[in-house]
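Below is one structure; the comments refer to it alone.
The values are calculated or read from the model by the stated rules, or taken from the named source; none is laboratory data. On a predicted model such as this, the values are computed, not experimentally measured, just so you know. No Cβ is skipped: glycine too gets one built from the backbone with ideal geometry, and neighbour counts run over all protein chains shown.
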Amino acid sequence: MFTGIVQAVGRIVSTQPFVLDAGKLPLADVRIGDSICVQGCCLTVTKKAGRRLWFDVSSETLRVTTGLARPGAVNLEKSLALGERLGGHLVAGHVDGVGACASVKGSVYAFRAPAALARYVAGKGSVTVDGVSLTVNAVRGRQFEVNLIPHTLKITTLGRLAAGAKVNLEVDLVARYVERLRGRG
């Protein structure tokens, strides 16, 4: 589990094998087999050397995500340990689908969710965009808006987004379970 509070921006340096430079992510306690959330996707560390981490990334993971198939900047978060602060919301690191940035107007970013996910997005609810926990301000059909504060833009990859950019989305975990309990999922 994760919180959606990005701890560092790293960089994918190779996709075959999948290797990333962990940037400023503290690695002293990272071990082989640990989970790291990379751009919203939970991946397992298979090798560690200096500031570099290796992961196995399946073709299925690449099919259902964006931003992992090429070198570039990625949001990073180590898994949540029991007893730690939960500053964001409960995030599984299981990307539910790929959405798109619809518009950027000042600090207001609008995103379009796939139709199958839109029903899980609620005003004042939580959503994860590229691994970042965000509060939804407004929802109109498949589109939702969030406000991004300067701090978030500075310490994540979200500041690079422009209309049309693809993003990894994870909807609220509780919303998915509520739907399942209601017999609709």
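Does segment 83-92 contain any residue that is touching a residue at least 40 places away in the same chain (Cβ under 8 Å), surrounded by 13 or more Cβ atoms within 10 Å (Cβ to Cβ), closer than 11 Å to LEU20 by Cβ and outside the structural domain of VAL121 (by TED's automatic domain parsing)?
no
Determine, yes or no, whether THR128 is surrounded by fewer than 19 Cβ atoms within 10 Å (Cβ to Cβ), touching a strand residue (DSSP E or B) at 6+ places or on another chain (Cβ under 7 Å), closer than 24 Å to VAL9 by Cβ and of a type in the set (Ser, Thr, Tyr).
No, not satisfied.
Hey, any hits in segment 72-86 for a residue that's of a type outside the set (Ser, Thr, Tyr), assigned to a loop (DSSP other than H, G, I, E, B) and farther than 24 Å from VAL30 by Cα? Don't jump to the end; show me each part of the working.
First, the residues of segment 72-86 that are of a type outside the set (Ser, Thr, Tyr): 72-78, 80-86.
From what's left, assigned to a loop (DSSP other than H, G, I, E, B): 80-86.
Filter once more, keeping what is farther than 24 Å from VAL30 by Cα: none.
Scanning segment 72-86, I find no residue that is of a type outside the set (Ser, Thr, Tyr), assigned to a loop (DSSP other than H, G, I, E, B) and farther than 24 Å from VAL30 by Cα, so the answer is no.
Scan segment 1-46 for residues that are more than 30 Å from THR135 (Cα to Cα) and either touching a helix residue (DSSP H, G or I) at 6+ places or on another chain (Cβ under 8 Å) or not charged (D, E, K, R) (or both) and jot them down.
Correct list: VAL13, SER14, THR15, GLN16, PRO17, PHE18, VAL19, ALA28, ILE32, GLY33, THR46.
Only one of these conditions is not met by LYS154: (1) within 30 Å of VAL19 (Cα to Cα); (2) in contact (Cβ under 8 Å) with a residue 12 or more places away in the chain; (3) outside the structural domain of LEU20 (by TED's automatic domain parsing). Which number is it?
(2)
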